[in-house]
Structure formats: C-alpha cells, structure tokens
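Trainee: Can you read through this structure? Questions will come right after.
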Amino acid sequence: MAASDPSDPGEPSVTATASAASTAADGQRIAFVGLGVMGGGMACRLVEQGYDVVVYNRTRAKTDEVAKLGASVADSPADAAREATIVMLSLANQDVVARMLFDEDGVFETLGKGSYILDMSTVPPEFPRELAERAREAGFHSLDACVLGNPMHARQGELRVMAGGDEQDFKAVESLLEAIGKEVTYLGESGMGATMKLVLNMLMGVQMPALAEAVVFGERAGLAREQVLEMISKSGYSSPVMAFRCAIMGQRNFELTAFKLGLMRKDMTLVLGEAQKVGVPMPVTESAHAMLTAAQAQGLGDLDVAAMLAFQERMSGVNAYPWPGGDTAEDGGPADGGTA
C-alpha cells in the first residue's frame, strides 16, 4: 500500500459504458504488477472496462479474482511485460518497485521500446525522477501516477489520480487513467505525483494518532465510547477517512486493512525525509511518526491504521478491551514486539 486511504468523500458514480471503455482499450495490452488491496481492485476494474490485462503477483493466489474476470496470469514481471504496451505497478515501496523493474526476470528485460511505465506506488519523489531517466535510456516512457482512495474506489474506478512526468506522455495514457479515476490531475514534472501523494497521506498520518487520543481521552473523562465515536464521525471536525476509522474503531475490526499501520508509518518517514530536504519543520508530523513507530513495534504494523486506538489504550492503562490478536491489553500483546 501502493498503500492508500479511504479519504475520498464521494459515493461511487455511474461508470462509463463497456462499449466506450472497449474503444479506449483498443490496441493496448496492460501488464499489472502488484495485486494488493489497491492493485487488485484497479486490475479488476481495467478488465471489466475492456482492457487486455496480464497480471503478476508474487503470491499467485491473489491473482484468482482478476483471472476469473478474464485477465492472463504471468509467471514473472518479465513474462507480464513481454507483449505489453503499458506496465502499471502498485507495490509497497520503491525497493519492491525497483526489483520488479530491474532485477533478473524484471520488466526492463522484455518491455518493448516506446512502451509506458506507470508507477502507482507511494514512493519518495526522487525515485520516479530516477526511474524516468532510466526509462528514457531504455527507450520507455515513465510517469508517477499515484492514487488516492480506498479499495472500493479502486474496484469501481472512483480513485483520484495524481500524475507527474512529461505532459505528452500523460496525455497518451490519460484515457487509461480515467478508467480507474474519477479525477485525473497532471501536476508537472516527474516526482510531482509522488509529492502530492505524500502531502495527502501526511494529513491522514497526523489524524489517526489524534483520533485515538481523542477517543481514549473522552472515555477516561467519563463519556461513553460509542457516543464519542459517533459524535466525532458526524462533526464538522471529521473527514471521510476519520469517519471510516471511527466505524472500524467501534467494531474493533482492525483486520480490515484498508491502509496498514506499517505503511502509514513508512509514508510518514518519507514525508519527514522530504521536509528535511526542503527545510520545512514538521513537529506535528514528527510526533505522529513517533507514535506510529511505537505502535508498529508493539506488533500492530500489519493491521489497519485504526489500530492506533489499541496502542493509545495500552499507553493510557485502559485494559478493558482486547488487544488485537485476542489478548487483553494488560496481557502484553505479541510477545516478540514485532510486526504482526
């Protein structure tokens, strides 16, 4: 998660007709690499919109849904890219993206000259700039095309897409991006799409520890937790992403991983690195990053970021609720302190 959040406020709209999508898809073969909660939704959406799609995912079982819809399944990134005109990647971080592109059996081994590489992953802005240069040298076109939304938005073509790179390259793939996004924005040179994604994810990363603090504070001060969550979610201080997490917190359904806590922490690390480069102090972001880091060390990294609530409960001595995984908070949670 490319790691993304349910921050898009809109309800799914009526999608484009299959015939119009089929016309837009003519002559394009899409290789989609990375079928996590976001990538899997986007790949399914493209197949349903009439695109010829071949997919690759390291865990092959994650290809089952899109294969049932008609996608081909490749044995390696190189196999996926062999006859592709466009390669799309949605992966956890820049290291995984680099392996899929440049390692043995990677995309660069077989992709045809003049083809396009669209990286949807959340990465530091310097990475797409370097990728664009390597792509040019190899005869390819490259864009950072980051997305904002949740898995439902990915599946229904309701994402917001933020693109950076050569404007002519953007125009060449704009109709494809419109198949997955209700709002597609060109932001400038390579790295600008990735930069905007960090700006937006930073806001979510600050909100989540603050929401957990507010809930535990309210309860310890004598309020009913259900009422605290309900009033926050309906207030003017809320946002779609906060309301979504209020529901998860109320149900303690932290296994519903729309955005893993560990990936949120990773993105906040990227934000702080970029802020240092441009000389912007970020004390609030630093505090949120420290909270996310500590929560990940307590074994919450693979759960949804709403699990910050469990971490705040533990810090506050609130032992009445089960620790994720089945133990109560006072039992200490995972013994090794690692990522669950």
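Trainee: Is the range 194-209 home to any residue that is more than 25 Å from ARG314 (Cβ to Cβ) and of a type in the set (Gly, Ala, Ser)?
Mentor: So far as the range 194-209 goes, yes, one or more of its residues are more than 25 Å from ARG314 (Cβ to Cβ) and of a type in the set (Gly, Ala, Ser).
Trainee: Here's a follow-up. Contact list please: Cβ distance under 7 Å, first residue in the range 281-292 and farther than 12 Å from THR269 by Cβ, second residue of a type outside the set (A, V, I, L, M) and open to solvent by less than 30 Å² (accessible area, probe 1.4 Å), pairs at least six apart or on different chains.
Mentor: Going by the 7 Å Cβ cut-off, the qualifying pairs are MET291/PRO209.
Trainee: Right, something else. Can SER190 be described as assigned to a loop (DSSP other than H, G, I, E, B) and crowded, with 22+ Cβ neighbours inside 10 Å?
Mentor: yes
Trainee: How many residues does the range 149-184 contain that are open to solvent by less than 20 Å² (accessible area, probe 1.4 Å), assigned to a strand (DSSP E or B) and within 19 Å of LEU46 (Cβ to Cβ)?
Mentor: Total meeting the criteria: 5.
Trainee: Pairs only if they're at least six apart or on different chains, beta carbon under 7 angstrom, first in the range 245-259 and among the hydroxyl-bearing types (Ser, Thr, Tyr), second in a loop (DSSP other than H, G, I, E, B) and open to solvent by less than 50 Å² (accessible area, probe 1.4 Å); list them, first residue then second.
Mentor: Between residues of the range 245-259 that are among the hydroxyl-bearing types (Ser, Thr, Tyr) and residues that are in a loop (DSSP other than H, G, I, E, B) and open to solvent by less than 50 Å² (accessible area, probe 1.4 Å), the close pairs are THR257/LEU303.
Trainee: Let me ask something additional. Can you say whether VAL206 is under 29 Å from LEU292 (Cβ atoms) and open to solvent by 10 Å² or more (accessible area, probe 1.4 Å), as far as the supplied structure shows?
Mentor: Spelling it out, VAL206 is indeed under 29 Å from LEU292 (Cβ atoms) and open to solvent by 10 Å² or more (accessible area, probe 1.4 Å).
Results for (1) open to solvent by less than 10 Å² (accessible area, probe 1.4 Å); (2) under 24 Å from ALA179 (Cα atoms); (3) out of contact with any helix residue (DSSP H, G or I) (no Cβ under 6 Å at 6 or more places or on another chain), shown as yes or no for each residue.
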| position | (1), (2), (3) |
| --- | --- |
| ARG29 | no, yes, yes |
| ARG45 | no, yes, no |
| ASN57 | no, yes, no |
| LYS68 | no, yes, yes |
| ALA98 | no, no, yes |
| GLU104 | no, no, yes |
| MET120 | yes, yes, yes |
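Trainee: A further question follows. Looking at the range 287-332, which of its residues are in a helix (DSSP H, G or I) and modelled with pLDDT under 95?
Mentor: ALA329, GLU330, ASP331
Trainee: Can you report the number of residues in the range 34-52 which are in a helix (DSSP H, G or I) and either within 17 Å of PRO77 (Cβ to Cβ) or over 14 Å from the mean Cα position of the chain (by Cα) (or both)?
Mentor: 9
Trainee: Taking interchain pairs and intrachain pairs at least six residues apart, which have beta carbon atoms under 7 angstrom, with the first residue in the range 301-321 and within 19 Å of LEU256 (Cβ to Cβ) and of a type in the set (Phe, Trp, Tyr) and the second surrounded by 18 or more Cβ atoms within 10 Å (Cβ to Cβ) and at pLDDT below 95?
Mentor: Note: pairs meeting the criteria are TYR321/ALA329.
Trainee: Report the residue count in the range 143-162 for those that are over 15 Å from the mean Cα position of the chain (by Cα) and within 18 Å of VAL97 (Cβ to Cβ).
Mentor: Of the residues in that region, 1 qualify.
Trainee: Restricting the search to the range 122-148, which residues are surrounded by fewer than 24 Cβ atoms within 10 Å (Cβ to Cβ) and in a strand (DSSP E or B)?
Mentor: Selection gives HIS141, LEU148.
Trainee: Ok, one more. If you scan the range 252-286, which residues turn out to be surrounded by fewer than 21 Cβ atoms within 10 Å (Cβ to Cβ), part of a loop (DSSP other than H, G, I, E, B) and either among the polar types (S, T, N, Q) or within 15 Å of the chain's Cα centre (by Cα) (or both)?
Mentor: ASN253, LEU256
Trainee: Then there is this: Would you pick out the residues in the range 210-223 that are farther than 14 Å from SER238 by Cβ and open to solvent by 40 Å² or more (accessible area, probe 1.4 Å)?
Mentor: If the condition is that a residue be farther than 14 Å from SER238 by Cβ and open to solvent by 40 Å² or more (accessible area, probe 1.4 Å), then GLU213, PHE217, GLU219, ARG220, ALA221, GLY222, LEU223 are the ones that fit.
The values are calculated or read from the model by the stated rules, or taken from the named source; none is laboratory data. Please read all numbers here as calculations on a predicted model, not as lab measurements. Reconstructed Cβ throughout: ideal geometry from the backbone, glycine too, with neighbour counts over all protein chains shown. Remember, those area values only see protein heavy atoms, side chains included, never the ligands or the DNA or RNA. Shrake-Rupley method; radii C 1.70, N 1.55, O 1.52, S 1.80 Å.
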